[in-house]
Structure formats: structure tokens, C-alpha cells
Amino acid sequence: MSTIDPTARVEDGAVIGEGTSIGPYCIIGRHVVIGSNCKLISHVHITAQTTIGDGCTIYPFVSLGTPPQSLSYRGELTKLQIGADCTIRESVTMNAGTVSGGGITRVGDRGYFMNCSHVGHDCQVGHDVIFATSATLGGHCEIGDFVFIGGLSAVHQFTRVGPQVMVGGVCGVRGDVIPFGLVNGQYASLEGLNIIGMKRRKFTKERLATVRAFYQKLFHGPGIFAERLIEVQPMAAEDPAIAEILTFIGDAKHRALCLPADDGSRH
């Protein structure tokens, strides 16, 4: 059965899953749904149409589903969806979506969100991500699976970060980051591939060599980037990771591509 501390306030209409504990001084709104076997340690605030998957642990002073920090917001009831088995540490904030942005902010399973990290309105965050202390997403960002965002780093609104990317600490990410990329610097630039992360995903030496050769040809070959991008298209058949990177580049929406600092060409 679920347990609710007498000092907590759970509004009528809220759904609390089996085995979930609501600690002291938590405030749970009427439209909130919390899955089974979750643990809200204390002083957690959850509002809007927020749903939380099974097995999440939420630490003190977390605020989930609060109104989007957008000038377009007019008080509509919108959504925040958080997956299963997430760890959400102290003072994390995640905002609900805006009507113009689709009305929902999504966070996947098994995320680890360190203290003071922030997920802005209408963001789409994948599975198995790690946000270090004070990592911040502006609105409408798209973050792939297995992404690591370093401490004090900020991702500009409408930016895409592909799967298995590593963002260094104290970075301002202003351009789309290719899958498997490694970015660093005050204004983030592409420094290479996230080889450690790829090894963790069981890439063989042969696959790493193939993807590295593609990366070198695309980002450090002769000529301008646009010409090199055309030249490497046939390499999509050589490895699924190459195909994924090329598809990501082809699906560009709002932001330019994050390029190496020594590449003066433009996407």
C-alpha cells in the first residue's frame, strides 16, 4: 500500500500508485498521477497534468509540472510526463509544456538528474540520460538516449542533441550536436566522437574505426562542409551509426550544426 506523511498535502483526484511513499511536506496537485514504488523523500511539489512512472526517487525541493517559462503561456492546463526508474535530485525543476509547443514535456526512463538541473517546457528527453549539477535545457530541446550533459552547461532552446552525446562542463550549446558527438568549450564546439560512450554501447574496434574514418572525412576533409556532406552520403551503408548521423543532419530544424572550432565552413 502507499504511505502518505500526515504533513503532506495530496489533493483530491491525484492518483498514487501501490507501494509509493509521500514524505513530509510534499504537495501533490489534483491532476497528478504517480506510479508504483516511487519515493518522494520530502518537500516535493508536483502540479499540472504530471505523470511519473514506476520506481522513481524524488529528493527534497524538487518542483515538477510548474508553468512553462514562456511569454506565450496563458494559464492552460498542460502536461509533464516522466518515465520509470528516474532519480531526481535536490532542487531539480521540470516545466509543463505550452499549447503552441504541443502541450507536453517528456522525460524518458532511467534518467539521473543531479541537483538544480532543469528541463524547460516542451522538451523531449530520451532514456538513460544523465544531467550533472545545474545542467539546463531551454524550451523545445530534443535530447537523445544515453546523453550526458556536464555541470553548469546550458542547451539553447530548439536545439537537438543526438543519442550518446557527451557535453562537457560549463558549455553553452547553441547548435545541433550529431549522435555520438563530444562537445566542449565555453560556446560548445565539436571535438570528436564520444568513444568511451560508444565502447560502453559495445561498439567493436572495427565499427569504431569505420565511424572515425567517416567523421574525419566529413568534419576535417578538404573543401567546404556542404560539399563534404554530399561526398559522404554513400558511407551510410557502411555502419548504422553513420546512417544515424547523416539522418540527424538531414532532419535539421531550427539550429545550425555544431561544428569543430577549426572548421570555418558553414552548414
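In this structure, does R255 turn out to be touching a residue at least 24 places away in the same chain (Cβ under 8 Å) and assigned to a helix (DSSP H, G or I)?
Details: touching a residue at least 24 places away in the same chain (Cβ under 8 Å): yes; assigned to a helix (DSSP H, G or I): no.
So R255 fails the test.
Which ones in the range 111-166 are within 11 Å of the chain's Cα centre (by Cα), over 23 Å from K199 (Cβ atoms), surrounded by fewer than 20 Cβ atoms within 10 Å (Cβ to Cβ) and touching a residue at least 24 places away in the same chain (Cβ under 8 Å)?
Those that are within 11 Å of the chain's Cα centre (by Cα), over 23 Å from K199 (Cβ atoms), surrounded by fewer than 20 Cβ atoms within 10 Å (Cβ to Cβ) and touching a residue at least 24 places away in the same chain (Cβ under 8 Å): none in the range 111-166.
Checking R212 against (1) touching a strand residue (DSSP E or B) at 6+ places or on another chain (Cβ under 7 Å); (2) closer than 25 Å to C141 by Cβ; (3) surrounded by 12 or more Cβ atoms within 10 Å (Cβ to Cβ), which single condition isn't satisfied?
For R212, the failing item is (2).
Of the numbered conditions (1) in contact (Cβ under 8 Å) with a residue 24 or more places away in the chain; (2) surrounded by fewer than 23 Cβ atoms within 10 Å (Cβ to Cβ); (3) not in a strand (DSSP E or B), G97 fails exactly one; give the number of that condition.
Against the list (1) in contact (Cβ under 8 Å) with a residue 24 or more places away in the chain; (2) surrounded by fewer than 23 Cβ atoms within 10 Å (Cβ to Cβ); (3) not in a strand (DSSP E or B), G97 comes up short only on (2).
Is it the case, given these coordinates, that G55 is crowded, with 19+ Cβ neighbours inside 10 Å, free of Cβ contacts under 8 Å to residues at least 40 places away in the same chain, of a type outside the set (D, E) and assigned to a loop (DSSP other than H, G, I, E, B)? Please lay out each step first, then the result.
Working: crowded, with 19+ Cβ neighbours inside 10 Å: yes; free of Cβ contacts under 8 Å to residues at least 40 places away in the same chain: yes; of a type outside the set (D, E): yes; assigned to a loop (DSSP other than H, G, I, E, B): yes.
Answer is yes for this residue.
Please specify each residue of the range 100-110 satisfying the condition of being of a type outside the set (S, T, Y) and in contact (Cβ under 8 Å) with a residue 24 or more places away in the chain. Walk me through it before giving the result.
Let us first name the residues in the range 100-110 that are of a type outside the set (S, T, Y), namely 101-104, 106-110.
Within the range 100-110, G101, G103, I104, R106, V107, G108, D109, R110 qualify.
If you go through the range 65-72 one residue at a time, do you hit one that is in a loop (DSSP other than H, G, I, E, B), under 17 Å from the mean Cα position of the chain (by Cα) and either under 23 Å from G150 (Cα atoms) or outside the structural domain of G17 (by TED's automatic domain parsing) (or both)?
Initially, the range 65-72 is screened for residues in a loop (DSSP other than H, G, I, E, B), giving 67-72.
Applying the additional criterion that residues be under 17 Å from the mean Cα position of the chain (by Cα) yields 68.
From what's left, either under 23 Å from G150 (Cα atoms) or outside the structural domain of G17 (by TED's automatic domain parsing) (or both): none.
No.
Identify, by number, the condition in (1) outside any loop (DSSP other than H, G, I, E, B); (2) surrounded by fewer than 18 Cβ atoms within 10 Å (Cβ to Cβ) that L80 doesn't meet.
Tallying (1) outside any loop (DSSP other than H, G, I, E, B); (2) surrounded by fewer than 18 Cβ atoms within 10 Å (Cβ to Cβ), L80 fails exactly one: (2).
Return yes or no: is P6 of a type outside the set (S, T, Y) and either touching a helix residue (DSSP H, G or I) at 6+ places or on another chain (Cβ under 7 Å) or surrounded by fewer than 16 Cβ atoms within 10 Å (Cβ to Cβ) (or both)?
yes
Please find, within the range 73-107, the residue that is farthest from D145 (Cα to Cα) out of those that are within 19 Å of the chain's Cα centre (by Cα) and of a type in the set (K, R).
Checking each candidate, the answer is K79.
Would you mention how many residues in the range 199-214 are without any contact (Cβ under 8 Å) to a residue 40 or more places away in the chain and within 10 Å of A241 (Cβ to Cβ)?
The total comes to 6.
The values are calculated or read from the model by the stated rules, or taken from the named source; none is laboratory data. Keep in mind it's a predicted model, so treat the numbers as computed, not measured. As a convention, Cβ positions derive from the backbone with ideal geometry for all residues, glycine included, and neighbour counts pool all protein chains shown.
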